[in-house]
């Protein structure tokens, strides 16, 4: 193959039994002659020796610190390190020194814009969680302020979000209907928020942020679609003016409840409701079509609230059947730490609700943060963000706020409106502060129908059937995961829907390992390349060899399968070679390049396979086993039993070396 | 690199966008000059196009028919096919025509040998399951006969086994103590056996046999060790002569119960008990040390039973404190189909017990069958065996038998004694038949202590601490799985112990995917080989390139991690290259050889990565993406965005082609 014969051998370590064996046999590198030219055979190394403790250390650092978060601290003076640490824990110190009037101007514009969205959405989402509307405004005041000190995303607009509100509303209302015991419900909501915060901060602190990765994009797509359908249908209550509506969240009870209470429908409500819904959907459509006109959709909710409130106030006598928000107290967030309950029969419910809303809001917040960070070319540390969001919720639970996170829709508006730093959150919070202090009475005659319309407009975008179709096109199993979470949420319940979807995703990984791909490799003539003969027509089988590629770690879950499958490949290849070349198989080469790990069941399989092939006078050769695989083959003494001609660095060297040995 | 320039190009399909693009650019193969020599660049193919239906078909056939069980049927006449089908479903037709007297002689010897083991063990194991001793003999009669018609293993000795007996005894006794309602207990035992059979046969019929692979060897090792410890301690009841003993199965209650009832210890019982135990353990040791003397250990249990019965009968007046089996009815298995219960509050318990004992006995039976098949060079079809074992248990449940399977210890004796076919099972069943019809009164004065000693001798070998140590040496995570099932069984319960161990095993797979190995590759000078620079000191980094190997499918569970990790590698490599070579990085090559799959999250990651690198003026190149990965890259339009210089067949070609392009 025209390689220059060379003398530089691969270093090996004292533990390299195979290398030692070969060294005993020959003191110069093995040189093989193939088609008149000479090529060297390389030893396969064991990885550098490490103690169990070192391995554990390496493994733990890969699991918990893959991004090497402290690399900036290396080779710095002590003072610099202190400053870096301060900036690390309080990102505000990073940008505050360079903050300028220009940046502030942008932040004020974007802050006011998201405030105009946050106020109506805050009220609406609180309704969605079955909470008093004012809780939604409280939640748009304290958490953004805390996030602006701790958070590292520049574009995240913090506040209540639809999914977490929906899930909290469902889970708590199932056990403690709000209208039966509002005080207990409120207590549980704050307690759940506290636990959500604790859970989020703990995940971040223990650097376990990767657990949110198990909610794959496909799963979330289905979940959000299902939740959006349920939420939209639930808004029929507000849109149609029904007073007695089901508390259930499955599709069937909600629909039948809407139809059963036909007599409660109020025509003033639904005419006005659908008009405003149409207005909001139109502005949303305009905002999406022309990103420059984003302010149209951003301003629409507040405009609708003002317009509808004015209408209802003016024509109060004629529109008395339209339900309104009613009296709201002026004033700042009252403290609520005395409302947290850490005992009693509902504690388990509060913890469960906290964990589920916590993980969902975390997923949204982190995803939004990462998206806008990538768009604007900065990085967000997921684990640090989790701590920030967690602390913000813990603080929120003590100041009459419920679960908050970074909202996707408002963050998009924030970025579009030109937000440069988290100061836009401070501006928004200040606007909410003014509202809380002075403008609350204005909401007295705001009709509930407008809140329903705002919610529908906000969640309708979550039903993303085009992405679902794309999933179907690219990855059928992802589509199944998406569908199962969609129908799980719609038909059973939110936690079950999520559990099913995570189950399907994990099953997908297991299936991949349980039934890995195997293929027959052939040589592309005139090269050292070996490829799948079914994929590359140019790849030709090598007489006397069966060369198999295995594309998975060899684990307990697939060792039996792989053994059967390899034997079947050998049988089929023997038949093929006998029919086409008239040669018989002498050697089976297994390309281990993609075998990224092996466990004790896998090792037993290799040992067994070697024995079975020996009985049939076939030689077993492993090509290019990876570091950890080599190590385990060595530790289990299989390497020795394979002998010096049992392991090669590449398939090509194995074929060349063995062919020339046979000729000799 | 001295390759002959050649014109044969890899075939590509109409869907191969990349290939088409390249064809537009050049109509002759791209030839690149490296160090004065010419080499060809190969296109990367898409796999042959398949419809969704074809893919599903392929996938299903790999999941359910990996061993191609019907390959013998191909190209056969219709009559031959019929005969083959008959032989396929009833393996007896395979060997019966060639059965000879010579074979029969061997089978009689081995059949009598295992009968001498099966009778005392049958009685003992029934005791272990809290069942009347005679059920153990019934279970050694009907099931072996059925297996001899349906089973395909030649060496399996069928009957009750310790683990399944223990588990059934524990699970049923927890809910329905045997001494409170023996009749209900018996009904539940038969019902559980029936469900075990249904479950086993269904698994086999649906070809879902691979589920037993999820009980990895490491898990089973720990599980069996834990069960053996518990079982041995429970035998203190019989060995010490305690009458009031706990029904619990955890280590603490058992030990404390033995000590609390010190006053019930009978010295005649424990002196005799420990003497026989010592005798049995010694013979077991001899049999293990010298395989030729296997008959010593095989004959010992029956000898002990006879000897102890004679002793107790002769000195009955002095040994009255020794508990004996008592009166046993003569006669064949009575029908028990009327005792199966399919309703009521205990149905769920019976089903659960059936499934757990079913899967455990299946695991033992299949493992034993495979082990002796491999030793004697024939193959056993796991799924067919499952159907055989399942039908045998269903039939057993209707003829007063409880769960049976292939016993490891008796099968070993069977093979050692020279069994050639399943006829040895028929011989054994006939011997049991004679015993049932005529010899039952002889067991009247057989002391319970001897059953305890037999059980301890049988299970003590399951405590295999040497294998556990080997696990620790080779695979720490397997050791953890082993330990957790050991302590799970010992401290909590059998089902929980199993569940924890399966959980740990699955977690191991998930960890492997969630935190895959990544490494920097370098060129081994003078070759086309690229290897991990940390493992191969000879592998040298190539200036201007960062070449990364990823050793896992890119899935939702690791796409975030991989993105962060790749960016960190690039950062670190940029620093290294700047410090050592003074060059800056121009191109990032990702070796996809070990990336065996990609899902939509992974695709999004690649797209994102490409964008991020573009912003930093770095080119992203994928080397050797596999068939399914290529297909998905194409379907999601990433292939087009990578362009014609974004995908190469090997790292070497990528480096060579891009270097020469830069020079030009």
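Some observations on this one:
- Gyration tensor verdict on region B:592-662 (Cα atoms; rounded if a/c is under 1.5, prolate if a/b is larger than b/c, oblate otherwise): oblate
- Between copies, the label points at residue A:643 (set 7 angstrom from Cα along Cα-to-Cβ) are spaced 5.2 nm, reported in nanometres from shortest to longest.
- Calculated FRET efficiency for the pair residue A:181/residue B:434, C-beta based, R₀ 60 Å, to 0.05: 0.20
- Mean sequence separation of contacting Cα pairs (under 8 Å, at least six apart), scaled by the length of chain A, corresponds to a relative contact order of 21 percent.
- Average Cα contact separation per residue, region B:182-286, under 8 Å, 6 or more apart, as relative contact order %: 19 percent
- Rounded if a/c under 1.5, otherwise prolate or oblate - the protein assembly as shown, Cα gyration tensor axes: oblate
- Residues in region B:215-232 reached by a label modelled at residue A:641 [backbone nitrogen below 17 Å; 7 Å Cα→Cβ]: B:217-218
- When both region B:227-261 and region B:140-165 are represented by their alpha-carbon centers, they are found 30 Å apart.
- Computed E for residue A:318/residue A:352 - FRET, C-beta separation, R0 51 angstrom, nearest 0.05: 0.65
- Among beta bridges that DSSP assigns inside the protein assembly as shown, antiparallel share in %, nearest 5: 55 percent
- Per-residue [θ]222 nm for chain B (sum of -39500 (n - 2.57) over DSSP H runs n ≥ 4, rounded to 500): -18500 deg cm²/dmol
- Computed over region B:100-464: relative contact order in percent, which uses C-alpha pairs under 8 Å that are six or more apart: 42 percent
- Nearest-first distances (nm) between copies at residue A:181, label 7 Å from Cα via Cβ: 3.7
- Subtracting the Cα-Cα distance of residue A:584 and residue A:290 from 0.36 nm times their residue separation leaves 99.0 nm of extension gain.
- Share, in percent, of DSSP beta bridges within region A:515-663 that are antiparallel, nearest 5: 40 percent
- Shape of chain B, Cα gyration tensor, a/c cut at 1.5: prolate
- Remark: label point of residue B:321 defined 7 Å out from Cα along the Cα-Cβ vector; separations to the same position in other copies 9.3 nm, ascending.
- For the pair residue B:299 and residue B:662, the difference between a 0.36 nm per residue extended length and the Cα-Cα distance amounts to 122.5 nm.
- Between residue B:54 and residue B:109, the distance separating the two model label sites (each 7 Å from Cα on the Cα→Cβ line) works out to 5.7 nm.
- Net length available on complete extension from residue B:68 to residue B:376 is 108.7 nm, with 0.36 nm assigned per residue and the Cα-Cα distance removed.
- Label-point separation in nm, residue B:310 to residue A:499, each point 7 Å along Cα→Cβ: 6.2 nm
- Applying the Kirkwood pairwise sum to the alpha-carbon positions of region A:221-355 produces a hydrodynamic radius of 18.4 angstrom.
- Residue B:572 paired with residue A:571, simple spin-label distance in nm, labels 7 Å along Cα-to-beta-carbon: 4.6 nm
- For region A:397-415 versus region B:364-388, the inter-centroid distance based on Cα atoms is 60 Å.
- DSSP assigns beta bridges within chain B; of those with both partners inside it, close to 55 percent run antiparallel.
All of the numbers you see were taken from the coordinates with simple rules; none came from a lab. Because the structure is a prediction, the values reported are computed rather than measured. Heads up, the Cβs are rebuilt from the backbone with ideal geometry, glycines too, and the neighbour counts pull from every protein chain shown.
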